[in-house]
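Down below is the structure, laid out as structure tokens.
The values are calculated or read from the model by the stated rules, or taken from the named source; none is laboratory data. Fair warning: this is a prediction, and the values are worked out from it, not measured in the lab. Note that each Cβ is placed from the backbone with ideal geometry, even for glycine, and that neighbours are counted across all protein chains shown.
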Amino acid sequence: MKKFISISEATKAIGLIDKKSKKPINSTLRYWETKFKQIRPIKINNRRYFTQKQVGLLKMIKFLLKNKGMTISGVKNLLNSNINKLDENSSISLKNDYLKNSLKFKTKNILDKISKLKKYGKKNSS
């Protein structure tokens, strides 16, 4: 059974958060939806829901646009040529860069959660 997540959860999962308000920037995902044919969320009662596979694709798109500075048309071309077949054996490939970045993001999230647990654990133990 596939698990679906809301657009806000997907936005948080890929790290598109407004720095001031700390709220997810859902409009970016809605915009990307118009630009990339690969992004097709399921709509239930006019609300968008994404699968884990789609969230992975969104992370890749964000990485290529924000971290690598590619244009939307460049990312479209890359996705259409199937990134999984590109330069897999090269240690300096886009795919490897993406995987390294993804691992850093996951590690940071885990460390943040551990830090919060330690912080709240100290308050409750007094």
> Looking only at region 60-104, which residues are within 19 Å of GLY15 (Cα to Cα), at pLDDT 85 or above, assigned to a helix (DSSP H, G or I) and not basic (Lys, Arg)?
Replying inline: MET60, ILE61, PHE63, LEU64, LEU65, ASN67, ILE72, VAL75
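With the requirement that a residue be of a type in the set (A, V, I, L, M, F, W, C) and either without any contact (Cβ under 8 Å) to a residue 24 or more places away in the chain or in a helix (DSSP H, G or I) (or both), what does region 28-59 give you?
Residues satisfying the conditions are LEU29, TRP32, ILE39, ILE44, VAL55, LEU57, LEU58.
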>> For TYR49, only one of the following conditions fails: (1) closer than 24 Å to LYS106 by Cα; (2) of a type in the set (Ser, Thr, Tyr); (3) surrounded by fewer than 16 Cβ atoms within 10 Å (Cβ to Cβ). What is its number?
In response: (3)
> Which pairs have Cβ atoms under 8 Å, sit 6 or more apart or on different chains, and link a residue in region 102-120 that is touching a residue at least 60 places away in the same chain (Cβ under 8 Å) to one that is surrounded by 10 or more Cβ atoms within 10 Å (Cβ to Cβ) and outside any helix (DSSP H, G or I)?
Replying inline: PHE105/GLY15
> Within region 14-25, restricting attention to residues that are in contact with a Leu (Cβ under 8 Å, 6 or more places away or on another chain) and either among the small types (Gly, Ala, Ser) or not in a loop (DSSP other than H, G, I, E, B) (or both), which residue is farthest from ASP112 (Cα to Cα)?
Replying inline: PRO24
> If we keep just the residues of region 1-27 that are β-branched (Val, Ile, Thr) and in contact (Cβ under 8 Å) with a residue 12 or more places away in the chain, which is nearest to LEU78 (Cα to Cα)?
Replying inline: ILE14
